[in-house]
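The values are calculated or read from the model by the stated rules, or taken from the named source; none is laboratory data. Being a predicted model, the structure only gives us computed values, none of them experimental. Virtual Cβ from ideal backbone geometry, glycine too; neighbours counted across all protein chains shown.
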Amino acid sequence: MKKLIVGLAFSFCISLSVCIEVSTSAMAETLSAYSPQTSSDTNPKVSPQISPKTPPQIMPKMTARNGYVEPFKMFDNVYYVGDKWVSSYAVVTSSGLVLIDTLEFPFSQWIPVNLKKLGLADKSVTHLIVTHGHTDHVGGAAYLQNLYGADVIITEKGQKLAIAQAAKSKGESKFLPPNPKSFVQDSSSLMVGYTEFKFYITPGHTAGDLSVDFMVKDRGKEYRAFVVGGHSPNLQNASLAAAFKTSMARIKALAGQSPEVTVNLANHPHKNNLFKNRDRTSLQAGDDAAVNPFVDQADFYRFIQQQESLAVETEIKSN
Ligand SMILES: [Zn+2]
Ligand SMILES: [Zn+2]
């Protein structure tokens, strides 16, 4: 969780630490609220309802101090639209955009702005994949679902957590849980245009972590990318910590299948040296022979190894 530096103001700062601007486009959008569903309701109808109580949406100023990061291209079909702390990836398919994670509200409102900056605003966002139900990943899901009419891909346990986290959210960070049409199942896949997303439920950080496996392209060449649904085992819950160890072993085995995973799309930028690699990309601009710095198989396995060690440490502590 990061610090929220926002407050009420219209295009000016009321103090040095409270400095925001009102998003006129977000203001113009009528925010709809979704009625939360129960976890046993596996195929509810998406029925957006206008909530008269919804406050006007305030967008945090896009400053480095607030954690804003200029969006950038990673692959032919993948762009970074996240912030300094939490990742969000926009995947371009032949039938629109798929977003992986939605940031913490109100920072989620930077995503549509980022898509516009990248020249992707004319593409429809068809799906929102949520890696788990923590606020920093699911916070913008209902907002983006409403904005784009996208389908939300989330596990049943992820949604349960999202509902609980949304109920606790307050003030400018107040958000609503998304309204998925159904819950994603383990070892299922989804075709969006010509892109296939494979899903694995890999519990341990939370009970409903969702890992994502798909192909990315760099100058026409394909690489296999993997998004680990949650990093760091849950220390409060021994059975989840044990599940984490099993999940990491499973991910390692899956990643080893041909073609092996070589791209670590972690859901936090500090877990895959994202900004360091971004800076290497600009150094390599114009060098056609250079390997894309986001293609780094060793980095993926280092990350998994680190996670396995954390799981073992947790196990030792709990014994
Ligand atoms: Zn989390
Ligand atoms: Zn997180």
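Scanning region 80-123 for residues that are in contact with a helix residue (DSSP H, G or I) (Cβ under 8 Å, 6 or more places away or on another chain) and of a type in the set (S, T, Y) yields Y80, S87, S88, T102, S108. Checked against the criterion of being closer than 21 Å to K84 by Cα, away from ligand 1 (no atom under 14 Å from the Cβ) and either of a type outside the set (G, A, S) or buried (at least 22 other Cβ atoms within 10 Å of the Cβ) (or both), region 146-154 contains not a single residue that satisfies it. Among the listed residues L103, L97, L161, identify the single one that is more than 16 Å from ligand 1 (Cβ to nearest atom) and among the hydrophobic types (A, V, I, L, M, F, W, C). Exactly one residue qualifies, and that residue is L97.
Exactly one residue among S94, S40, S88 is surrounded by fewer than 22 Cβ atoms within 10 Å (Cβ to Cβ) and at pLDDT 95 or above, and that residue is S94.
Every condition in (1) modelled with pLDDT of 90 or more; (2) out of contact with any Ser or Thr (no Cβ under 9 Å at 6 or more places or on another chain); (3) part of a helix (DSSP H, G or I) holds for K217 except the one numbered (3). For S232, are the conditions met, namely being of a type in the set (G, A, S), within 16 Å of ligand 1 (Cβ to nearest atom) and at pLDDT below 95? Spelling it out, S232 is indeed of a type in the set (G, A, S), within 16 Å of ligand 1 (Cβ to nearest atom) and at pLDDT below 95.
Entry remark, region 181-213: residues being free of Cβ contacts under 8 Å to residues at least 60 places away in the same chain, touching a helix residue (DSSP H, G or I) at 6+ places or on another chain (Cβ under 6 Å) and crowded, with 22+ Cβ neighbours inside 10 Å number 2 in total.
Would you be able to say whether some residue in region 158-176 is more than 30 Å from A249 (Cβ to Cβ), surrounded by 19 or more Cβ atoms within 10 Å (Cβ to Cβ) and touching a helix residue (DSSP H, G or I) at 6+ places or on another chain (Cβ under 6 Å)? Yes, region 158-176 contains a residue that is more than 30 Å from A249 (Cβ to Cβ), surrounded by 19 or more Cβ atoms within 10 Å (Cβ to Cβ) and touching a helix residue (DSSP H, G or I) at 6+ places or on another chain (Cβ under 6 Å).
I'd like to check which helices (runs of 4 or more DSSP H) are fully inside region 234-319 and have at least 1 residues that are under 25 Å from G67 (Cα atoms), touching a residue at least 24 places away in the same chain (Cβ under 8 Å) and under 21 Å from the mean Cα position of the chain (by Cα).
In region 234-319, 274-284, 297-318 are the helices (runs of 4 or more DSSP H) which contain 1 or more residues that are under 25 Å from G67 (Cα atoms), touching a residue at least 24 places away in the same chain (Cβ under 8 Å) and under 21 Å from the mean Cα position of the chain (by Cα).
Looking only at residues in region 139-159 that are of a type in the set (A, V, I, L, M) and part of a helix (DSSP H, G or I), the one that is nearest to N234 (Cα to Cα) is A141. So if I check each of D101, D136, D122, which one is of a type in the set (D, E) and farther than 27 Å from K168 by Cβ? Answer to the selection: D122. Counting only residues that are out of contact with any strand residue (DSSP E or B) (no Cβ under 6 Å at 6 or more places or on another chain) and not in a loop (DSSP other than H, G, I, E, B), region 161-190 holds 11 of them.
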